[in-house]
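To start, the structure under review is shown below, and the notes come after it.
The values are calculated or read from the model by the stated rules, or taken from the named source; none is laboratory data. Here the structure is a predicted model, which is why all the values come from computation and not from measurement. Methodologically, a virtual Cβ is constructed for each residue, glycine included, from the backbone with ideal geometry; neighbour enumeration extends over all protein chains shown. Side chains included, ligands, DNA and RNA excluded: accessible areas come from the protein's heavy atoms. Shrake-Rupley method; radii C 1.70, N 1.55, O 1.52, S 1.80 Å.
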Number of protein chains: 2
Amino acid sequence: MAALTQQKVVVVGGGMGGLASAMVLARLGASVTLYEHAPAFGEVGAGIQLGPNATRRLAAWGLLDETVARGFLPERLVLRDATTGQELTAQRLGADFVERYQAPYVVIHRSDLHAILHDAAAESGVELVVDTHVERIEQVQDRALVIMADGRVVDADAVVAADGLASASRDRIVGDQPVPSGYVAYRGTLPNDGEHGADVVAWLGPRCHFVQYPLRRGELLNMVAVFQSPAFLRGEVEWGGEDELDAAYDRCTPEVRQATTRLWRDRRWPMYDRNPTTNWGSGRVTLTGDAAHPMLQYLAQGACQALEDASALERHAAGAPGDWPATFAAFAGERQPRTARVQTTARTWGEVWHVDGVARLLRNELLRHRDTASYAYLDWLYGRQAGEAELITTTATGSSRA
Amino acid sequence: MAALTQQKVVVVGGGMGGLASAMVLARLGASVTLYEHAPAFGEVGAGIQLGPNATRRLAAWGLLDETVARGFLPERLVLRDATTGQELTAQRLGADFVERYQAPYVVIHRSDLHAILHDAAAESGVELVVDTHVERIEQVQDRALVIMADGRVVDADAVVAADGLASASRDRIVGDQPVPSGYVAYRGTLPNDGEHGADVVAWLGPRCHFVQYPLRRGELLNMVAVFQSPAFLRGEVEWGGEDELDAAYDRCTPEVRQATTRLWRDRRWPMYDRNPTTNWGSGRVTLTGDAAHPMLQYLAQGACQALEDASALERHAAGAPGDWPATFAAFAGERQPRTARVQTTARTWGEVWHVDGVARLLRNELLRHRDTASYAYLDWLYGRQAGEAELITTTATGSSRA
């Protein structure tokens, strides 16, 4: 477990991906410093969904029990038509699901998962530094130099750039731009009156959807509303405002329309991704997480893929200790095709959610006739990846579900 | 069999629906005269598909054996993606199908079916008159007066207006207009080199499709190409020209592109239907066939529904002999919901055939996973209708297929 002793690694960015990457490298013995631009660690947002591809990694890191303890184990993933309320299909998340994927499906407040990863990184010895703006990274003579906005330079053996969708690191490596989807999300949480039940429910409407599920052991109800902005379609710079929220659900059932009145109104999330790239850096620098593969949230895989990244980084770093060019090349080589598929599938799945007209009829017919005992649409995403380590410890959490 | 003796009936229009209606009323004993505007009887076009809902009626009238003898019994209905060539689904038309629907699926040259109905009408005693322009129909004191363009007036007990899509009778009864679909059909026949096989194959492409099947005992190959006209979308008066045909299939497989070069170029069929109406006439006058329910051809039901009409007219005329207001009210009351469903479903099915983008993915996924042993999508169309008489004679044709 001391494969990386004497290796100094800098992680840029203290989101889920940065924290997990820092944690795994510190556990391998590296001296890891993580720099976060914000004045404090934390996460904005509400609930986050963790498929078993993510919770298997959390289990391997010994973090699943706490994740489950602070989160919620939904009974089903349910898709409904937002204009009629009709249930289109449901995926049960009980014993069969957990057995197949060797881990449970968990929903958790983003701030809770972030805190778990933050504490685990700290306990693993990561030096966590806030309020620090990394301006750029330069590679000079087998060293990676991290240059701060205030002029300081930190010398490292390797740099993991986990600076998210708007990654300045990616700007220098790839030079591409985020792609606006024209869709905007509003979120919110409510005290849970229990009426919703124990399912993750997504109501699919024309150019809009609405998702609701319990959070924090069922104490809260999480809400996400996502809709296409007419102002964006008109080419306006400001788009996705409150006025559009009010109009976006007018074809939906009263249940959905009513729920959307209870969202937070003071903040919104215009949704962007980027096109997949094979260029995740070179030498001693790699992108990871959203910096490497920002994605639309339709598969709920943003954080999950960042955790997969950290797990793969852990394996490749242990496989070629201290040889960072080899580690990062193997890491990106493994992760790029996988994350590119998730990025592009998320785009398509979002289109499927938001169709109207005859496409809506086709989607509903397809979903209503889906074999609910089949995992054909899920295995590629939730199943064990080539190279993924076998779980040595099966968590009680995973096996206790009936 | 002489329920209608001394009843004088005029049928307007000598297409499939007019001929079949005239035939059944003549067989019930009525004195039937059919007036056709054209200088000779005949049909333009190429192949026509007859589902078992139509061939059951032909069997009941003793016309199925000749229809099969002059037509072709396809083995399967096959849907393929026109851009990849991939087979999406197939409906076998063999023994199970024939047993379920008590009649075979037959394809036949339009002119052959027209000749069969013409000869049957003539043999049943229908007076068949060409080159006669019926200007209008008026009801005066329990009589129906058929007023010709040349001033002649024919007095009748009842009038069946089977004057097709552009029905002048419907103009006076309903006053609506044909609805252009923006799609145009090109047709053609070729000597059959045998390479195509024994299936009815439809290649489904974005805003286009192409259908091919054997005809005339397999001697000919029938082709239909249907595509959306860009000129129509631009609002131009002339649309669907040859230049558009050449461009419409550019995303399709070489097989399809090659086939479309062999279509007839001297004639095209811009495709229209009308919105369903509950007003099929009153008193002693009724619309029937395309005059009552013109439809897009995506379910291949235009002629089939006209034959269903004639069969229902036969039953209701026999049930209230000489009481034409009661006969026609019962006829339209039975037929209107049925044909309206076929009209609207044909529109939707056409949309399904022509989708692009994510809707195409959904359509293909739905079709590829269809349970090919299930008749769930077919029973409503091909199955026995409420009120439809049991077939007394099961034709050898129907039971000889393996």
*Can you name the strands (runs of 3 or more DSSP E) wholly within the stretch B:1-85 that have at least 2 residues being open to solvent by less than 10 Å² (accessible area, probe 1.4 Å) and more than 30 Å from B:Leu361 (Cα to Cα)?*
B:8-12, B:31-35
*What are the residue pairs meeting all of these: first residue in the stretch B:298-321, first residue under 20 Å from B:Ala26 (Cα atoms), second residue acidic (Asp, Glu), Cβ atoms under 8 Å, and 6 or more apart or on different chains?*
B:Ala306/B:Asp290; B:Ser311/B:Glu388; B:Ala312/B:Glu334; B:His316/B:Glu334
*Checklist (1) without any contact (Cβ under 8 Å) to a residue 60 or more places away in the chain; (2) surrounded by 24 or more Cβ atoms within 10 Å (Cβ to Cβ) applied to A:Leu113, failing item*: (1)
*asked:* surrounded by 13 or more Cβ atoms within 10 Å (Cβ to Cβ) and not polar (S, T, N, Q): which single residue out of A:Asp266, A:Asp273, A:Asp250 fits that description?
replied: A:Asp273
*Cross-chain or 6+ apart pairs with Cβ under 6 Å, the stretch B:236-248 first and not in a loop (DSSP other than H, G, I, E, B), then not polar (S, T, N, Q)*: B:Glu242/B:Arg265; B:Leu245/B:Tyr186; B:Ala248/B:Cys208; B:Ala248/B:Phe227
_Take the conditions in contact with a Ser or Thr (Cβ under 7 Å, 6 or more places away or on another chain), of a type in the set (Asp, Glu), open to solvent by 20 Å² or more (accessible area, probe 1.4 Å) and closer than 28 Å to B:Met295 by Cβ and apply them to B:Asp176. Does it pass?_
yes
*asked:* Just to be sure before I move on: is B:Gln86 under 23 Å from B:Asp309 (Cα atoms) and of a type in the set (S, T, N, Q) in the structure I sent?
replied: no
*Has the stretch B:366-375 got any residue that is touching a Ser or Thr at 6+ places or on another chain (Cβ under 8 Å), touching a residue at least 24 places away in the same chain (Cβ under 8 Å), more than 14 Å from every other protein chain (Cβ to nearest Cβ) and at negative phi?*
no
*Which ranges mark the strands (runs of 3 or more DSSP E) fully within the stretch A:102-189 that have 1 or more residues being polar (S, T, N, Q) and at pLDDT 95 or above?*
A:134-140
_Residues within the stretch A:200-226 that are more than 20 Å from the chain's Cα centre (by Cα) and of a type outside the set (A, V, I, L, M, F, W, C), tallied_ = 6
*Meets criteria (on the phi < 0 side of the Ramachandran plot, buried (at least 20 other Cβ atoms within 10 Å of the Cβ) and more than 22 Å from the chain's Cα centre (by Cα)) for A:Ile137*: yes
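Would you check which residues across the stretch B:38-55 are aliphatic (A, V, I, L, M) and closer than 18 Å to B:Val201 by Cα and list them?
Matches in the stretch B:38-55: B:Ala46, B:Ile48, B:Leu50.
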*Within the group B:Thr344, B:Thr348, B:Thr327, which residue is among the hydroxyl-bearing types (Ser, Thr, Tyr) and open to solvent by less than 10 Å² (accessible area, probe 1.4 Å)?*
B:Thr327
*over 27 Å from A:Trp349 (Cβ atoms) and either open to solvent by less than 20 Å² (accessible area, probe 1.4 Å) or away from every other protein chain (no Cβ under 14 Å) (or both): does that describe B:Leu362?*
no
*Filter result (more than 13 Å from the chain's Cα centre (by Cα) and under 12 Å from A:Ile116 (Cβ atoms)) within the stretch A:44-74*: A:Leu58, A:Trp61, A:Gly62, A:Leu63, A:Leu64, A:Asp65, A:Glu66, A:Thr67, A:Val68, A:Ala69, A:Arg70, A:Gly71
